[in-house]
Amino acid sequence: MSLTLKLDAMWWLYALLSAVFAALTAVLAKIGIRGVDSNLATAIRTVVILVLAWGIVYFQGGLAQLGQLTRANLLFLGLSGLATGLSWLCYFRALQLGTVAQVAPVDKLSVALAIGLSVVFLGEKLTWHTSLGAALIIGGTLVLIR
């Protein structure tokens, strides 16, 4: 297998690790928010993520790229951060009110929503495979929350 092919397939490993860590997030958060205001819990989690992310950037030498960011980069990264923050606030509150088995599937509807938004705003192609997958996610969510 060529190095290029190996690197092209790395997205799969990172996506799988993302799913594992997201699953751990739900379980660990559910334990961690017992008796704690969900907004405070989100703030604590955010500080940990902030330190982790900036630490990685620093140790990988990425700080030098700060000056290369455009206004559009900053605007859309800022809006993405705002959306992430609002998502986390809602997610932690939902975890406080419901079970992980209820909240996690609804949260994963974001996959189907992201597919739809990517078609509308990014012009990405909607294939029958993608449409079927999104429909199965929506159907699976409905089955899991009943």
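The values are calculated or read from the model by the stated rules, or taken from the named source; none is laboratory data. What you see is a predicted model; the values in this text were computed from it and never measured. No Cβ is skipped: glycine too gets one built from the backbone with ideal geometry, and neighbour counts run over all protein chains shown. Accessible surface areas use protein heavy atoms only, side chains included; no ligands, DNA or RNA. Shrake-Rupley method; radii C 1.70, N 1.55, O 1.52, S 1.80 Å.
Remark: the chain carries 76 Å² of accessible area per residue (probe radius 1.4 Å; ligands, DNA and RNA excluded).
With a 1.4 Å probe and all protein chains left in place, how much of the accessible area of the chain comes from carbon and sulfur atoms, in whole percent? Percent of accessible area from carbon and sulfur atoms in the chain: 74.
In straight Cα distance, which lysines are under 19 Å from residue 30, not counting same-chain residues fewer than 8 positions off? Excluding near neighbours in sequence, the set is 108.
Applying 1/(1 + (r/R0)^6) with R0 = 30 Å to the Cβ-Cβ distance of residue 135 and residue 68 gives a FRET efficiency near 0.15. Over region 32-145, the Kirkwood radius and the radius of gyration, each from Cα atoms, give a ratio Rg/Rh of 1.05. When only alpha carbons are used to place a centre, region 1-58 and region 110-127 end up 23 Å from one another. For the pair residue 16 and residue 75 in one chain, pulling the backbone fully straight at 0.36 nm per residue adds 18.4 nm over the alpha carbon distance. Applying both filters, DSSP loop and at most 14 other Cβ atoms within 10 Å, to the trypsin sites (Lys or Arg not before Pro) of region 73-130 gives 125.
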